[in-house]
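What follows is a single structure, written as structure tokens, with notes after it.
Laboratory data are not the source of any read-out in this text; all were calculated from the coordinates shown. A quick note: this is a predicted structure, and the numbers were derived from the prediction, not measured. No Cβ is skipped: glycine too gets one built from the backbone with ideal geometry, and neighbour counts run over all protein chains shown.
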Amino acid sequence: MITDGVVAFVKRECPTCVLVESQMQHLARTLPRFSVVSQDDPRFPAGVEDVVDDRELEHSWRNAIEATPTLIRFAGGRETERVAGWDRDGWRRLTGIRDLGADLPAFRPG
């Protein structure tokens, strides 16, 4: 797992995670450091190379993940910001990508 950058905690069985799959693909292409921690399917999301298999939920437990998707920014190994669920304004702020999720609803809980 990365110590500097953005990490998304997700699972395929989460409808909100499936909704934002294209946004995670965009983050993987755009951000210099982006990884995904997948709780139930290490092939999800498609098109993202840095996916951590967390079927044992070790990483999720260690990071106190209560809902998926959860997006976390790390700097120097420490969490600096977190957004739970899909919150377009929150994801934009955390990633610095102004047009992220323009075609999605403004909010959807995880």
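Given Leu94, Phe9, Ser35, which one lies farthest toward the positive end of the charge dipole of the chain, if we put +1 on the Cβ of every Lys and Arg and -1 on the Cβ of every Asp and Glu? Ranked along the dipole, the leading option is Leu94.
Roughly what % antiparallel, to the nearest 5, for the DSSP beta bridges in the chain? Bridges in the chain that DSSP calls antiparallel: roughly 60 percent. Could you work out which residue, out of Pro32, Pro42, Pro69, moves most in a Gaussian network model of the chain, that is, has the largest mean-square fluctuation with Cα springs under 10 Å? Of Pro32, Pro42, Pro69, the Gaussian network model singles out Pro32 as fluctuating most.
Give me the dipole magnitude in Debye, nearest 20, for the chain about the Cα centre, with unit charges on the beta carbon: positive for Lys and Arg, negative for Asp and Glu.
My answer is approximately 340 debye.
Rounded to whole numbers, the Karplus 3J(HN,Hα) couplings from phi for the range 17-28 are 4, 5, 4, 9, 4, 5, 5, 5, 4, 4, 4, 5 Hz, using 6.51 cos²θ - 1.76 cosθ + 1.60 with θ = phi - 60°, and x at Gly and Pro.
Extents of the chain, largest first, come to 33, 31, 24 Å (Cα atoms, principal axes, whole angstrom).
Charges were assigned to the Cβ only: +1 to each Lys and Arg, -1 to each Asp and Glu. The resulting dipole of the range 23-73 about its Cα centre is roughly 300 debye.
The Arg33 and Arg92 beta-carbon pair, evaluated with R₀ = 22 Å, returns a calculated FRET efficiency of approximately 0.80.
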